[in-house]
Ligand code: UDP
Ligand code: MG
């Protein structure tokens, strides 16, 4: 295989303080990788300006004029990290064999990018950068992040533990990502659903080099809530369950309250009042939960997610002439052919 063309996508929101350093370091790395013949010299850095209000775009634009490895994409307004990332991935896709996404603050170790490429050349189409530990986080961030992973796991969502958006994806994987039509795209949940051959690379995360976090508590909570509600209807189910529980509790309490009445230990009117409060409360929750079940179905339908993703298409491509089952290199070749068939169709 020829050296793959790599594009590194960097979403930036008000990053003027850290950007010059980021551009410098990524540029150095790109040149090293090209020299080592790990990647093609057509590789690029793509900086996505997510509606910054500072000099971020100016910096990207000026660098792009003099540096052939640097490209910029300016979004019309701030659309958030996930959407900015998608804009970058989709624009980079056609000109690259693989795309790596990384945050502008260089908290992720750029040296492991080398390992990403090696894993890609070995036939992995998705490589996740996974943090070894969370020592550099504040106690609060560590605690909330771990809680989030636990909740997601209980709700049945398959996430790669301690993986943020530092990852490599092949052109084909991004092509499949484009078929997820939902508006609320929670990338960390969606990417594992693509299902192609994938692996993880471990690294230590550093402190932010300059500037401050663009994820204040409010954004973090809304990100987590989006993640949960775009992947799971379990919260709706819990309402239904709660309805059933309070309905049965109301029956038991009803019996208890009636007993109290017959023993004569209650005020007049109390028994009927308290029993109906419990009963109606339970019935209402059941009703809301039932409606929720239908809303949940509509919600799943409106997402129009692809029902399946083809890995190797031996039907449209014709059968390869292999004596034994294919080895890794032949598998890579088969996948490339499958991609060509798909692009032609
Ligand atoms: N970011 C973005 N749009 C936003 C918020 C953040 O493109 O609305 C970018 C930001 O410039 C950075 C990345 O997303 O490159 C991650 O943000 P940050 O480092 O502030 O998050 P943290 O590491 O604190 O979770
Ligand atoms: Mg950061």
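The values are calculated or read from the model by the stated rules, or taken from the named source; none is laboratory data. Note that this is a predicted model, so its numbers are computed, not measured. Positions of Cβ are backbone-derived with ideal geometry, glycine not excepted, and every protein chain shown enters the neighbour counts.
Below are the figures for this structure:
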quantity	calculated
Matching option when the condition is at pLDDT 85 or above, part of a helix (DSSP H, G or I) and farther than 29 Å from residue 154 by Cβ, among 255, 241	255
Residue 97 within 16 Å of ligand 2 (Cβ to nearest atom) and touching a residue at least 60 places away in the same chain (Cβ under 8 Å)	no
Residue within segment 51-63 that is farther than 29 Å from residue 184 by Cα and surrounded by 21 or more Cβ atoms within 10 Å (Cβ to Cβ) present	yes
Number of positions in segment 187-218 that are within 16 Å of ligand 1 (Cβ to nearest atom) and part of a strand (DSSP E or B)	1
Count of segment 219-237 residues which are more than 16 Å from ligand 1 (Cβ to nearest atom) and surrounded by 14 or more Cβ atoms within 10 Å (Cβ to Cβ)	9
Scan of segment 97-109 for residues that are closer than 17 Å to residue 202 by Cβ and modelled with pLDDT of 95 or more, ordered by number	100, 102
